[in-house]
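Asks: The following block contains the structure, expressed as structure tokens.
Just so it is clear, none of the values below were taken in a lab; they were calculated from the coordinates. Being a predicted model, the structure only gives us computed values, none of them experimental. Here Cβ is always computed from backbone atoms with ideal geometry, including for glycine, and neighbour counts include all displayed protein chains.
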Amino acid sequence: MLKRKPRNAAALTEPVIVPRDRHNVSRKQLSPNALKVLYRLRDQGYDAYLVGGCIRDALLGLKPKDFDVATSASPDDVRDAFRNCRLVGRRFRLAHILFGREVIEVATFRANHNPDTAVDDAGRILRDNVFGTIEDDAIRRDFTVNALYYDVSNFTVIDYVGGMDDLESRQIRLLGDPTLRYREDPVRALRAARFAAKLDFEIEPETAAPLAEAGALLADIPPARLFEEVLKLFQGGYAVASLAKLREYDLLKFLFPTVDARLRANEAIPTALCNRALANTDVRVLEEKPITPAFLYAALLWPDVQEHYEALLADDDMPPIPAMHAATDRVLDAQLRITALPKRFSAVVREIWTLQPRLERYKGRRATKAMESPRFRAGYDLLCLRAEAGEPLGELAKWWTDIQTGEEADRARAVREETAARQRAEGRRNTRRGGRRRSGGGNRKRNGDRSNPKPD
């Protein structure tokens, strides 16, 4: 085992240099575009290293995804070196180098913030553009396992903070005083839970102790940033594990308070619906099928919509469509104050929810019209999840499944047969009163309508 190095700046000594024959990071695993960035910066006289999750994942035998570069070049220097570069960020200035759809993020080495650094009353850092050395940068990173640097000049991994040891012992450990680091950026609490879920690691006790307290500080984080964290937690292929970690450290209530309350109360159907929705999302990620946060929100918050919808139907005697619209407004308005949901997703959530009562009233043309909706498949998937979770919708879900899997003629016949059976059961008749079919003009004559008189 490598000798553990100190985790605070005062005691920092020499880094551990891990040679190529003692680690499994290979350039074949790395993005060619990230390597281009490294080589160009080095050719222009700057230090540049790959750092963070890509090196952590490569060392663990996982497929690296996001490639971050740390460099001695300033943001303006990076922009001058790359025509395909744009500078972003106010809290910390970053360079994004664009290669088609791939973005290589380049950050200048950070230093410990000084007394003049802008912070709010809670100690959260508002601006952190204090640059330093690679040693300073290592100490300023959040977790030890994310502070490992890959040197492309000699293929070594550089460890200033004991990250290699924590990888070996499978621990998530914050650098510095955990309480202070959570105050600087409360989102680190969610990141700790996410990394523990993704990597199947344990959160080191001192890092875990202030998590619940840190969670309360998430109220000061913009909803748009929390939405980004929701995507990372629940759309990375480890949603079930993320939910378990969020509940273990009492953090779920700061993202989805009503979901947390229902899980705490052991409500059977909402709990099953939540678990099945997250498990299905993990499967789709594993199978590289498309996923959308709209369906995730629709499934997690459906019990709230259903509760409000049924209450409006019963207490306010409201028609079904206005009742559903009112219920969706109430639930979404409350949730969006916590985690933002862009309109392109929230509109889809509304459509999925409003399809549910339509799918439950499947007669004749209503069925074919529902199938013409662009959100039919998502609405149908939610209906099936509700049936699997314990709602008495099994036969209904099967009917919709059958009508989709048959040929066009079979679909039409199934609709006709279902319509006829329902009409017989309800005692409806297709003939008018007296057994005679009235002509279309009869009513117009009786009512004095001469808008289309017969010619003389």
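Asks: What order do you get for VAL161, VAL283 when you list them from fewest to most C-beta neighbours inside 10 Å?
Replies: By the 10 Å Cβ count, ascending, the order reads VAL283, VAL161.
Asks: Compare the peptides 333-346, 303-316 by average per-residue count of other Cβ atoms within 10 angstrom and give them in order, highest first.
Replies: 303-316, 333-346
Asks: Which order results if LYS232, LYS289 are arranged by neighbouring Cβ count within 10 Å, fewest first?
Replies: LYS289, LYS232
Asks: A further question follows. Under the rule a/c < 1.5 gives rounded, and otherwise a/b versus b/c splits prolate from oblate, where does segment 235-426 land using the Cα gyration tensor?
Replies: The shape class here is prolate.
Asks: Quick one: Kirkwood hydrodynamic radius for segment 9-175, alpha-carbon pairs, angstrom, one decimal?
Replies: It works out to 16.4 Å.
Asks: Next question. In what sequence do CYS85, CYS54 fall when counting other Cβ within 10 Å, fewest first?
Replies: The fewest-first ordering by Cβ neighbours comes to CYS85, CYS54.
Asks: Past 18 Å, Cα to Cα, is the threshold; run LYS198/LYS232; LYS63/LYS198; LYS253/LYS289 against it and keep the listed order.
Replies: Exceeds cut-off: LYS253/LYS289.
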